[in-house]
Amino acid sequence: MLEKLVLELLKKGKRLEKRGFLDYREIKVENNVIPRAEGSSRVKIGNTEVIAGIKLELSEPFKDEKESGVLIVNAEFAPIAHATFEPGPPSEEAIELARLVDRLIRSSKTINFEKLKISDELVYGVFIDIHVINHDGNLLDASALAALNALNNCKIPKYEDGKLIRNEIIGKLEIKHKPLYCTIACFEDKFLVDLNQYEENVVDSKIAIGLKEDNTICAIQLLSGKIDYDKIEKILEIAEEKTKYLRNFVF
Amino acid sequence: MLKGKIVVPGEKVENEIKENIYFRNGEKYSQIVGLIEEKKDIITPLNFTYLPKVGDKVIGIIEEIEASGWFVNINAPHFAFLPLAEALNEFVDVFRTDLSKFFNIGEIIYAKIINIIGNRIIQVSIKEEGAKLEDGVIIKTLPSKVPRIIGKNASMLKILQEKTNCKIIVGNNGLIWVKGEKIDKVYEAIKLIEKESHLSGLTEKVAKLLENG
Amino acid sequence: MVELIKDGKRVDGRDFEELRKIKIEVNPIPNANGSALFSFGNTIAIAAVYGPRSLYPKFLQEKEETLVRVRYNMAPFSTETRKNPGIDRRSIEISKVIKNAIENSIFSEEYPRTVIDCYAEVLSGDGSTRVTSLNALSISLALAGIKMKDLIAACTAGRIGDKIIVDLNQLEDNYGDCDISFAMLLNTNEIVLLQLDGEIKKDEFLYALKVLKEKCKIIREEQERKIKEYFEKNA
């Protein structure tokens, strides 16, 4: 609905509410919001809101994986969050988002899976579910931030006689790194971050860059559009600066 | 053999080329796989999909009947439209007339493309040089093979007609209407032309094929 | 742990920046508007393009442009252990990024309210299956007569320790430190597919992009050569 307005503004070098092209909207993070989940985080970026919840479940380790740990990431674009979200099987966007968060955490070897081993045949499996509460753009950066915060606050329940005793906590999940996404958009010759839902529909292209705290790249995805080959270096620079800023919101 | 130069999408072409090109940094590039013939300023598509052009004569099949005319399948991405005024010379009261009595679904016409709006709305006419084709069958070929099936000065088409006694109309859209006893022979000949269109002595070969039986 | 580099060579004897043998078959599927088979060594993908054609129901139509639909699929016999038939989450994601690459390579506004259906079947998978599929689709689109800015050239790169390699096979994909899928239009200098998995430093990544661009030139030339050869014989 507001696409035309934001497009006119972007052409003039402006954004809604006088926001700079490389500014994030206000970010709010609240951890441990879901009493039933082992780890959880509620992240707001402007009007975008997502909740990441982690359940630890007894699992068999995968045999032929590089790492023995079990990590499953799922994302739900529930109809509650936007008029265009429909009930039913996950959309390709939801699947892509889940797989991208999975890739970020897995590639960066963030989770210390050694600590989640119970025996050779049994491990604590890490199930991260991302629930979109309100969609106003930039779901990927918000989801990665929520997932990392949830992991950082994830409690490990006691294992006894073949089952988990959820109310007895034996420790905290250990995370070794702090990987985050910054999604950068190109519009004409300009770059933008943290797009709202209308801006997302009018920019030329979007690319997600996942970086660890030492700026090692651990995931990249061209989400939409095409990108000039010569712009990649500049995009990486912006991502370095912005993920460093976002890391202030990991508690 | 092909006389000319084959180009692919993204390939730089000479400045005088007019169709199927795009500009970048002051240079012209081809958008399609095509042939630039000597001394010609267009790229002729060498592909398997028919894209309509104004002036093309096509074979079409009536698909739908509307209040103001007929939708016609011309083997292209969109149906063409045959308006009443381009189909009939007489006045028709559309509220009292069943248009299917002129052209019914499944019937075949030979028509000329007279107008294309926005790559999408294709108007055809049968007023000049057009006709409804009674009975007969349709044989499908590739649009790029049509010139070979017609031949130089329609020489190939003449042979096909004379040796088989069939009535044959070849549409630019790759649809060929055939009526007569020896339809199977015509089909065989068309397949031979498709397969060997790049070889010389094709006319003789086709004549020989048609004479044997 | 698998030893991926031995005596300065890769597991299949290649140099670090060496492509596997490219094989192309043009128009293997006569029913399609355009089709091609493309292989890098033991990775084989066959692709077909149907369209542009009419799209129903009508509400699916795009007013000003064509709708591109992509289905990437791996045959059950294409993998080491049999893959369950059907589309999984991985295939959905890959189909989406391939679709984006195609949408940004064609002149979509030439075919309003139509659909272009693009199908890629991986017949044999030995790494780099999505870029192999995209190379096959590039040729298929050109044969179908779809107007394009350029042929789409696609390739993978990766990192093993401090070495950058190209055109990853399955072992290198599974056990390497990083893998990058990449496609670009050389004529317009535009990247249309970029995915990265694993860890890599910025300098190494930028170097990998440079090598990828060089390799894409070779791949594009090979596509062009095969298309021309086909029409010289068949047109």
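Some notes on this structure:
- 14 Å beta-carbon shell around C:Arg220, net charge (K/R +1, D/E -1): +1
- Gyration tensor (Cα) of the stretch A:3-249, equivalent ellipsoid semi-axes in angstrom: 34, 19, 15
- Rounded to whole Hz, the Karplus (6.51, -1.76, 1.60) HN-Hα couplings of the stretch B:155-164, x for glycine and proline: 5, 5, 4, 4, 4, 4, 6, 5, 6, 10
- Residue by residue along C:184-190, Cβ atoms of other protein chains within 10 Å of the local Cβ number 6 on average.
- Magnitude of the charge dipole, the protein assembly as shown, Cβ model with Lys/Arg +1 and Asp/Glu -1, debye to 20: 860
- Loop-located trypsin sites (Lys or Arg not before Pro) in the stretch B:27-114 whose Cβ has at most 10 other Cβ within 10 Å (DSSP): B:Lys39, B:Arg96
- Average projection area in nm² (convex hull over Cα atoms of the stretch C:99-151, one quarter of hull surface): 3.8
- For A:Val203, A:Val126, B:Val137, C:Val49, the sequence from fewest to most other C-beta atoms within 10 Å is B:Val137, A:Val203, A:Val126, C:Val49.
- Rounded to the nearest 5, the antiparallel percentage of DSSP beta bridges internal to the protein assembly as shown is 90%.
- Radius of gyration and Dmax over the Cα atoms of the stretch B:57-133, both given in Å: 11.5, 34
- The share of Cα pairs per 10 Å bin across the stretch C:64-148, counted from zero up to the longest distance, runs 17, 49, 25, 8, 1 percent.
- Of all DSSP bridge pairs formed entirely within chain B, close to 95 percent run antiparallel.
- Inverse of mean 1/r across different Cα pairs in the stretch C:61-110, Kirkwood, Å: 12.6
- Exposure proxy order (Cβ contacts within 10 Å, fewest to most) of C:Phe182, A:Phe249: A:Phe249, C:Phe182
- Within the shell defined by Cβ-Cβ distances under 13 Å, the residues around B:Pro143 carry a net charge of +3, with Lys and Arg each +1 and Asp and Glu each -1.
- Over the stretch C:122-235, equivalent-ellipsoid semi-axes from the Cα gyration tensor in Å: 28, 15, 11
- Per-residue mean of foreign Cβ neighbours for C:32-43 is 1 (Cβ atoms of other chains, 10 Å radius).
- Max-minus-min Cα coordinates of the stretch A:71-123 on each principal axis give 45, 22, 15 Å, with the largest extent listed first.
- Helix-only CD estimate at 222 nm, as mean residue ellipticity for chain B, using -39500 (n - 2.57) per DSSP H run (n ≥ 4): -5500 deg cm²/dmol
- P(r) weight above 27 Å for the stretch C:1-136, C-alpha pairs, percent: 30
- The coefficient of translational diffusion for the stretch B:137-211, derived via Stokes-Einstein from the alpha carbon Kirkwood radius under 20 °C and 1.002 mPa s, stands at 180 µm²/s.
- Cross-link check: pairs A:Lys12/B:Lys12; A:Lys231/C:Lys210; B:Lys53/B:Lys132; B:Lys152/B:Lys185; C:Lys23/C:Lys233; B:Lys145/B:Lys205 evaluated at a Cα-Cα cut-off of 25 Å; pairs beyond the cut-off: A:Lys12/B:Lys12.
- Pairs from the table (A:Lys190/C:Lys201; A:Lys234/C:Lys147; B:Lys208/C:Lys226; B:Lys40/C:Lys147) lying more than 28 angstrom apart at Cα are A:Lys234/C:Lys147; B:Lys208/C:Lys226.
- Karplus (6.51, -1.76, 1.60) ³J(HN,Hα), θ = phi - 60°, over the stretch C:178-183, in Hz, Gly and Pro reported as x: 6, 9, 10, 9, 8, 8
- Size estimate for chain B follows the Kirkwood approach: the inverse of mean 1/r over distinct Cα pairs works out to 19.0 Å.
- Dipole magnitude of the stretch B:60-213 about its Cα centre (Cβ charges: Lys, Arg +1; Asp, Glu -1), debye to nearest 20: 680
- The Cα center of the stretch C:34-49 and the Cα center of the stretch B:1-72 differ in position by 26 Å.
- Given charges at Cβ of Lys, Arg, Asp, Glu: chain A dipole, positive-most of A:Thr243, A:Leu164, A:Leu100: A:Thr243
- Structure-based [θ]222 nm, chain A - -39500 (n - 2.57) summed over DSSP H runs of at least 4, per residue, nearest 500: -7500 deg cm²/dmol
- Whole-Å distance, taken between Cα centres, linking the stretch A:142-211 and the stretch A:1-57: 12
- Distance distribution P(r), chain C, all Cα-Cα pairs, bin width 5 angstrom from 0: 1, 7, 15, 18, 20, 16, 11, 7, 3, 1, 1, 0, 0 percent.
- Residues B:Asp41, A:Asp214 in ascending order of nearby Cβ atoms (within 10 Å, fewest first): A:Asp214, B:Asp41.
- When you count the other C-beta atoms within 10 angstrom of each residue and take the mean per peptide, A:23-34, C:37-48, C:208-219 line up highest first as C:37-48, C:208-219, A:23-34.
- Scattering profile of the stretch B:16-64 at q = 0.18, 0.19 Å⁻¹ [log10 I(q)/I(0), Debye over alpha-carbon scatterers]: -0.70, -0.75
- Ranking B:Ser68, B:Ile121, B:Phe95 by how far each Cα lies toward the positive end of the dipole of the stretch B:57-133 (charges on Cβ) leaves B:Ile121 at the top.
- Within the same chain, aspartates and glutamates fewer than 8 places from B:Lys158 are excluded, and of the rest, those with a Cα less than 20 Å from its Cα are B:Glu129, B:Glu181, B:Asp184, B:Glu188, B:Glu194, B:Glu196, B:Glu204, B:Glu211.
- Theoretical ellipticity at 222 nm over chain C - DSSP helices of four or more residues, -39500 (n - 2.57) apiece, nearest 500: -10000 deg cm²/dmol
- Note that the protein assembly as shown carries a Kirkwood radius of 28.3 Å, evaluated over its alpha carbons pair by pair.
Just so you know, all these numbers are worked out from the coordinates, no wet-lab data involved. Note that the coordinates shown come from a computational prediction; the quantities given were computed from them, not determined experimentally. As a convention, Cβ positions derive from the backbone with ideal geometry for all residues, glycine included, and neighbour counts pool all protein chains shown.
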